[in-house]
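Input: a single structure, listed below in structure tokens.
The values are calculated or read from the model by the stated rules, or taken from the named source; none is laboratory data. Please read these numbers as outputs of a predicted model, since none were measured by experiment. Ideal geometry is used to build each Cβ from the backbone, glycine not excepted, and the neighbour counts take in all protein chains shown.
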Amino acid sequence: MRTSGGEIEIEVGDPSSVDAAMDAVSRIVRELAAEEVSTGAGEGISAQPRDIDIQRTALRPPGDLPEVRVERGDSLADVIKKMFGGEWGRRPRKLSDVMDALASYGFIYPKSSVAVALLRLAKDGEIRRFKQEGEYVYIQREPSAGGGS
């Protein structure tokens, strides 16, 4: 859950508990926001519900995330390229897989921005793009036979 002043992360082992956990956090944030309004204290929590963005992602096995090291100044394309550079990028990934992986690291981007970044990386030869079962998928580029880039 993200608020204007920070982020709250909850790990839930039982998928049936996700909704209850998210409801509890929403209630806590509303209570904190109401307290801030009444006391004038704090800076991070807004009383306006529209400032709260709740992100629910599908539960997936822990090993199904790319290992990336993001550095200051990395663009969205840089992060995606790093994601496909490791083991995670060796399997075909749909746009939704890339979106979920980015979200798991706290990178929340519009679907259109991620799609454009993937398309540009594919056109530049950084990753491969092809259709699988009627949907585009992306995979790391195979090294060239000559050993060069």
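ARG69 versus (1) under 11 Å from the mean Cα position of the chain (by Cα); (2) modelled with pLDDT under 90: which is the lone unmet condition?
(1)
For the stretch 87-97, which residues satisfy the criterion of being in contact (Cβ under 8 Å) with a residue 24 or more places away in the chain and more than 13 Å from ARG129 (Cα to Cα)?
TRP88
Of the residues that sit in the stretch 86-109 and are loosely packed, with under 14 Cβ neighbours inside 10 Å and of a type in the set (Ser, Thr, Tyr), which one is modelled with the highest pLDDT?
The selected residue is SER96.
Test each condition in (1) surrounded by fewer than 17 Cβ atoms within 10 Å (Cβ to Cβ); (2) modelled with pLDDT under 95 for SER112 and report the one that comes out false.
Of (1) surrounded by fewer than 17 Cβ atoms within 10 Å (Cβ to Cβ); (2) modelled with pLDDT under 95, only one is false for SER112: (2).
Please work out which residue is modelled with the lowest pLDDT, limiting yourself to the stretch 115-149 and to residues that are hydrophobic (A, V, I, L, M, F, W, C) and more than 21 Å from GLU67 (Cα to Cα).
ALA145
Within the stretch 96-131, can you find the residues that are under 13 Å from VAL79 (Cβ atoms) and part of a strand (DSSP E or B)?
Scanning the stretch 96-131 gives a single hit, ILE127.
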